[in-house]
Amino acid sequence: MTADNQQEPQPLVLVADDEPDVLGAVVPFLERSGFRVLAASDGLLALDEIHRHNPDVCVLDVLMPGADGRQVLRRLRQEENWVPVLLLTQVGEAVERAMALEEGADDYLNKPFDPHELVARIRAVLRRTRTDGPPLATAPVLASSFGLRVDRVGRRAWMGTRELVITPKGFTLLEYLMVHKDELIERSRLLEILWGFEEAVGTRAVDSRVAELRRVLGEDAAEPRWIATVQGRGYRFVGEVRGEEGQRTL
């Protein structure tokens, strides 16, 4: 047997979308990118394929007949199936994006999208879900180095036993960076997460929120414990992050 035959099998990706043109373009592109691919044209078929084949990651359109992507996501999480899910959403729907993340999606991508971006997101999701404990996207509590803990249900954060005072957007920024630890998150992406496309806000607003977090955390930007600046690009969460089932008693 050759060394190639001894390698781990290629990740299995399920793609569910009711648009034939999308499936016709995405499926072969993912196959050329090194994935095995299952395709489904509606949410009910997607659920059946997930139950039968246990894919490594699912890409679900939010607008499908039978059951839409968010309904499929809710069904999976109710079944305690933590397969990573990336939702394909509609551009400009900030509420849709927020609800998707709150309901347990690991990430989302706006339509129309670049297939290369989809591949990058799938690989990033696979990297960060191969960890001990609950997946970061669905963990009620995120714990990091130096005593930083984020209660995603209660929307509260602590440094050791001291509760941190963080604005709602600052909390959302910290949560997103922690869930996407070790990834370079572009300023434009963070702008979209915090304000969506509806508000005319410049990327400097993102820098202001990062500065807010650093003040709250007591972090030195020159020697970051948690949030590192990638010059001219964006930010990366460099602290260790693990998911926990619930908040411990402080």
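Take the residues in segment 152-170 that are surrounded by 19 or more Cβ atoms within 10 Å (Cβ to Cβ) and modelled with pLDDT of 90 or more; name whichever of them is nearest to the chain's Cα centre (by Cα). Across segment 152-170, the extreme among qualifying residues is Gly170. Among residues of segment 175-184 being open to solvent by less than 20 Å² (accessible area, probe 1.4 Å) and not in a loop (DSSP other than H, G, I, E, B), the one that is modelled with the lowest pLDDT is Val179.
The values are calculated or read from the model by the stated rules, or taken from the named source; none is laboratory data. Given the structure is predicted, the values throughout are model-derived calculations rather than measurements. Using ideal geometry, Cβ is built from the backbone for each residue, glycine included, and neighbour counts are taken over all protein chains shown. Heavy atoms of the whole protein, side chains included, go into the accessibility calculation; ligands, DNA and RNA do not. Shrake-Rupley method; radii C 1.70, N 1.55, O 1.52, S 1.80 Å.
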